[in-house]
Amino acid sequence: MLEIGVYKGKSATLSPLHATAQEHCLYVDPILNETTNALLQSCHVGEEDKTHFIKSFSEAITTPQFLSQWHKSFHWIHIDGEHTGMALTDDLKVADALLHRNGIVCLDDFLSPRYPQISQSVFAYLAKDPTSFALVLCGFNKGYLCRPYLAPFLRKYIQEKLQADLQDRTEDQFTLWHSTLPDDLNCFGITPRENAPPYRGPDWMPDKVIY
Ligand SMILES: C[S@@+](CC[C@H](N)C(=O)[O-])C[C@H]1O[C@@H](n2cnc3c(N)ncnc32)[C@H](O)[C@@H]1O
């Protein structure tokens with residue numbers, strides 16, 4: 001598990017809470033401190049040597065030594081560091097080198113009107129190298145990327161099981177959207193339910209699942 005941009009550890013605590021005792025958790029942020037580190041350490045069932053704090057900007061994890069040590073080994077990468085488009089592009093390059101074939105990259109502030117440069121950088125990266133990642137889900141200011149191998153399985157999971165899994169965790173209701181053809185953009189969106197049904201397909205066939 002890798003978290004770029006930890007701050008006080010709010011989202012970062014989810015990594016160790018989901019990690020097995022054998023899995024490593026790495027945290028990268030120039031303002032890491034003892035309090036945050038102790039919190040994150042306490043959330044991991046693994047030995048202390050499975051937790052790694054890198055008190056630095058994410059460029060510290062672009063060295064050949066780091067990239068080869070952790071090559072394609074991360075199952076979860078959450079990017080919430082510097083919010084410029086330039087930094088996000090660099091973090092995507094790191095994620096591309098480090099993501100496991102069955103891993104997921106979660107992007108903070110994706111499609112947020114506060115940070116349009118984040119979305120622009122993601123779409124530019126995907127256009128430049130379409131085989132690197134597939135965008136499978138967006139919503140609640142997050143975007144989710146995976147390797148193209150995994151995308152069909154994740155889309156099936158999203159379509160068939162995501163809502164039920166969310167219902168086990170919250171009473172909130174959601175609408176899942178797949179509002180265009182797969183050849184246009186094969187990505188689901190998720191929003192609060194409001195006045196919509198649980199699933200919305202394209203406007204011309206709103207209850208059809210096409211993915
Ligand atoms: C929005 S906050 C992260 C919030 C955190 N994920 C949470 O859930 O509370 C952004 C963090 O990114 C860190 N940061 C800024 N530039 C960074 C960089 N280049 N590499 C890594 N972290 C960076 C900041 O120090 C700050 O703690």
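Where a number appears in this text, it was derived from the coordinates with a stated rule and is not lab data. Since the model is a prediction, treat every value here as computed from it, not as a measurement. Here Cβ is always computed from backbone atoms with ideal geometry, including for glycine, and neighbour counts include all displayed protein chains.
Points worth noting:
- Computed from backbone phi, the HN-Hα couplings of the range 196-203 come to 8, x, x, 9, 10, x, x, 4 Hz, rounded to whole numbers (Karplus: 6.51 cos²θ - 1.76 cosθ + 1.60, θ = phi - 60°; Gly and Pro given as x).
- Shown here for the range 104-211: GluC sites (Glu not before Pro) in loop regions (DSSP other than H, G, I, E, B) with at most 12 other Cβ atoms within 10 Å, namely GLU171, GLU194.
- Comparing ALA21, LEU99, THR35 along the charge dipole axis of the chain, the residue lying farthest to the positive side is LEU99, per the Cβ-charge model.
- Candidates THR191, LEU166, SER179 compared by Cα position along the dipole of the chain: farthest toward the positive end lies SER179, with charges placed on Cβ.
- Reach of LYS10 by Cα under 17 Å, taken over aspartates and glutamates that are not fewer than 8 positions away in the same chain: ASP29, GLU34, ASP80, GLU82, ASP108, ASP109
- In the chain, the DSSP-assigned H stretches of four residues or longer account for a calculated mean residue ellipticity at 222 nm of -7500 deg cm²/dmol, using -39500 (n - 2.57) per stretch and the full residue count as denominator.
- Shape class for the range 52-105: oblate, because the ratio a/c of the largest to smallest gyration tensor axis (alpha-carbon atoms, square roots of eigenvalues) is 1.5 or more and b/c is at least a/b.
- Overall form of the range 1-88 per C-alpha gyration tensor (a/c, 1.5; a/b vs b/c): oblate
- An oblate overall shape is assigned to the range 146-211, the ratio a/c of its alpha-carbon gyration tensor axes (a ≥ b ≥ c) being 1.5 or greater and a/b not exceeding b/c.
- Computed over the range 161-205, relative contact order equals 40 percent, with contacts defined as Cα pairs under 8 Å that lie 6+ residues apart.
- Here the chain is assigned +1 on the Cβ of each Lys and Arg and -1 on the Cβ of each Asp and Glu. Its dipole about the Cα centre then comes out at about 380 debye.
- In terms of surrounding Cβ atoms within a 10 Å radius of their Cβ, ASP29, ASP129, ASP90, ASP207 rank from fewest to most as ASP207, ASP129, ASP90, ASP29.
- Summary of the geometry: the range 1-58 and the range 147-197, compared by the centres of their Cα atoms, lie 28 Å apart.
- Across the range 101-211, Cα pairs under 8 Å and at least six residues apart give a relative contact order of 22 percent.
- Straight-line cross-link partners of LYS8 among the lysines, defined as a Cα under 24 Å from its Cα and at least 8 positions apart when in the same chain: LYS50, LYS55, LYS142.
- Counting other Cβ atoms within 10 Å as a rough exposure proxy, the listed residues LEU145, LEU150 run LEU150, LEU145 from fewest neighbours to most.
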